[in-house]
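Derivation of every value follows stated rules applied to the coordinates shown; laboratory data play no part. In this text, all values refer to a predicted model and were calculated from it rather than measured experimentally. Cβ coordinates were reconstructed from backbone atoms using ideal geometry, including for glycine residues, and neighbour counts include every protein chain displayed.
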Amino acid sequence: MKRAENNVVVPDCTVEELHRHQQQVVKDQIRHGVVADEVGLDRAFFTEHHFELAGAEMSTNPLNAQMAVAAQTDDIKLCQMGNILPWHDPVRLAEQAAMLDVYSDGRAEIGIGRGYQPREAEVLGGMYWGGTCMDDEKNRQVFEEKYEIMLKAWTEDLVSHNGHFHHVPPNYTKHHHTQDHAYLDDDVSEYDVEDVMDWDESGDMYSANNTRILLSTNSKVQQIPVFPQPVQEPYPQIWMPVVSPRSTKWSASNGVNGVITLGPRSRIKPVVDDYYDAAEAAGWPDRRPEYDGEPFAYGWDERRQRGLGFYRLVFNTEVADEEAFEQFKLGSEAIWDHLAASYSAELLLDLSDDEIETLRERQGLDEDQHVRADFEMLEKKSIAVVGDSDQIADEIADICETVGFTGLNLLGYFEVPGLPGEEADRQLRVFAEEVAPYLEEEFPSP
């Protein structure tokens, strides 16, 4: 990574070279998940992002990558943050997520999101299902309908759905399948033919000469089974990034765990309060009937596996040389330059007027120019937590105590653009060995 003329951090390579680098990133991410299992961490979160020219968030298929992690691990839970629903066919996504849960023996936890970058949303969702992020209301409707279909696919023997964006199966779907008919007509099946198919023995004048028996009549399929279903009952825990009050309230009201994305510590408590207010108003929903309606602990409830987590960039300076630390600092700024291309740094960082003025002076900017998030400010805002193991543990504990958490679910962010994958692995290992035990003692599970 390097600084461009305007100090924005960009890749120090050609686009052709970027393609090769991103191949290595895929391997690094999978290895990183395996290392996290080896050192005893609870979860590995992989994101979904596409077409990132500057390379800050490339992770195009988290479910596929986590299948590779599942094959090499035994204990770690496999989460995505998240699968962007408006970009996916919900039935296919439900199948793929269930495949991960089955293959990992019930270790999948499924992340969902709405998407916010037009380049991704327009290519993958806007033209197909109206999943554009340039029409927020339509995007939300698409998201909620796809979510409903996924839950049906995971929990119902036979699925049908007639909504605004999806018809499952489409009402014109011919299916004169004699084997299916014979199975449904047999006593072994708890469903009858009429439950699943609109069977018509008469020929279709438009396809009577068709040698394909499936299409030879007007028989139609009305419901479909979606295989496989998840091992976990009724379905895996769902996660969602929570930023706006509306998304925060939706997730809380639907029994979905939330992840507070990278931001200053000042933005954590308002999100937490919104989430818990909405959860209480909705009657403390939970995907598991035995817990539905039961309040859960503030912040993170380890027994229930319910509540909120939050991201922090983490770097232990005691185990790294100066060059690696400089790479981490530059990579951290690259992430924020990427985010600030969508939202202003002033808003994202919750900057005071004095802090904005300080950044303007440091960066030599005029009054009408937006400031950048330099590493010094990221550290001041506790977005980047750096130092030796004791300093890192103390800073994280202080954040939790300031917010009032009774339990802790920290998502450590060890990978940044430009930092070698092996260094990210080393950072993860020392965190698990030296910081996590202190935090587990400070915030013990029941």
Worksheet entry | Computed [θ] at 222 nm, helices only, for the chain once each DSSP H run of length n ≥ 4 contributes -39500 (n - 2.57) | -12000 deg cm²/dmol
Worksheet item: Given the Cα-Cα distance of LEU347 and ASP200 and 0.36 nm per residue of separation, how much length would full extension add, in nm?
Response: 46.8 nm
Response to the item:
Any GluC sites (Glu not before Pro) in region 355-411 that lie in a DSSP loop and have at most 11 other Cβ atoms within 10 Å would be GLU367
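How high is the relative contact order of region 170-221, in percent, counting Cα pairs under 8 Å that sit 6 or more residues apart? Show your work: numbers first, answer last.
On the way: 71 pairs, mean separation 25.8, N = 52.
It rounds to 50 percent for region 170-221.
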Response to the item:
Here the Cα Rg-to-2.2 N^0.38 Å ratio for the chain is 1.10
Worksheet item: What angle do you read, to the nearest 10 degrees and between 0 and 90, between the alpha-carbon axis of helix 136-155 and the longest principal axis of the chain?
Response: 60
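For region 341-446, which trypsin sites (Lys or Arg not before Pro) are in a loop by DSSP, counting at most 12 other Cβ atoms within 10 Å?
Those that pass, being in a loop and sparsely packed, number zero.
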Item to complete: Quick one: angle between helix 15-38 and the longest Cα principal axis of the chain, in degrees between 0 and 90, rounded to 10, please.
Response: 90
Discussion item. Suppose each label sits 7 Å from its Cα in the direction of the beta carbon; what would the ASP74-ASP157 distance come out to in nanometres?
Written reply: 3.8
Worksheet entry | region 171-271: radius of gyration over Cα atoms, expressed as a fraction of 2.2 N^0.38 Å | 1.86
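So what are region 234-364's ellipsoid semi-axes, whole angstrom, largest first, if each one is the square root of 5 times an eigenvalue of the alpha-carbon gyration tensor?
After scaling each eigenvalue by five and taking roots: 35, 19, 12 Å.
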Worksheet item: Which chymotrypsin sites (Phe, Trp or Tyr not before Pro) in region 24-99 pass both tests, a DSSP loop state and at most 12 other beta-carbon atoms within 10 Å?
Response: PHE51
Fill in: HN-Hα J in Hz across region 288-305 - Karplus 6.51, -1.76, 1.60, θ = phi - 60°, x for Gly and Pro
9, x, 5, 10, 4, x, 9, x, 10, 4, 6, x, 8, 9, 5, 5, 7, 6
Response to the item:
region 1-157: spread of alpha-carbon positions along the three principal axes, whole Å, largest first, is 58, 43, 22
Response to the item:
As a Kirkwood estimate from alpha-carbon pairs, region 170-221 has a hydrodynamic radius in angstrom of 11.3
Worksheet item: What's the FRET efficiency of MET127 with THR60 using the Cβ-Cβ distance as r and R₀ = 25 Å, to the nearest 0.05?
Response: 0.85
Discussion item. Order these by the 10 Å Cβ neighbour count, fewest first: HIS176, HIS50.
Written reply: HIS50, HIS176
Worksheet, complete the sentence: The rounded separation in angstrom of the Cα centers of region 85-145 and region 18-47 is 22
Worksheet entry | Neighbour-count ranking [beta-carbon atoms within 10 angstrom, fewest first] of SER219, SER266 | SER266, SER219
Worksheet, complete the sentence: Restricting to Cα pairs under 8 Å and 6 or more apart, the percent relative contact order of the chain works out to 14
Worksheet item: Quick one: if you stick a label point 7 Å off each Cα along the C-beta vector at ASP354 and THR14, how many nm between them?
Response: 5.0
Practice prompt. Could you work out how far helix 322-340 tilts from the main Cα principal axis of the chain, as a 0 to 90 degree angle to the nearest 10?
Written response: 50
Worksheet entry | P(r) histogram, all alpha-carbon pairs of region 300-360 included - 5 Å bins from 0, percent | 4, 13, 14, 16, 16, 15, 13, 6, 2, 0
Worksheet, complete the sentence: Given backbone amide H placed at 1.01 Å from N, residues whose amide H is under 5 Å from that of LYS77, ignoring those fewer than 5 places away on the same chain, are ARG43, ALA44
Discussion item. To check my understanding: the extent here is largest minus smallest coordinate of the Cα atoms along each principal axis. What are those three numbers for region 297-400, in Å, largest first?
Written reply: 51, 34, 23
Response to the item:
With x for Gly and Pro, the residue-by-residue ³J(HN,Hα) of region 348-358, computed from phi through the Karplus equation 6.51 cos²θ - 1.76 cosθ + 1.60 at θ = phi - 60° and given in whole Hz, is 4, 8, 6, 7, 7, 4, 5, 5, 4, 5, 4
Worksheet item: Label points 7 Å out from Cα along the Cβ direction at ALA281 and GLU137: separation in nm?
Response: 2.0
Discussion item. What number do you get for region 401-446 when its Cα radius of gyration is normalised by 2.2 N^0.38 Å, N = residues?
Written reply: 1.39
Worksheet item: Summing Lys, Arg as +1 and Asp, Glu as -1, what charge do residues with Cβ under 12 Å from the Cβ of LYS138 carry, LYS138 excluded?
Response: -3
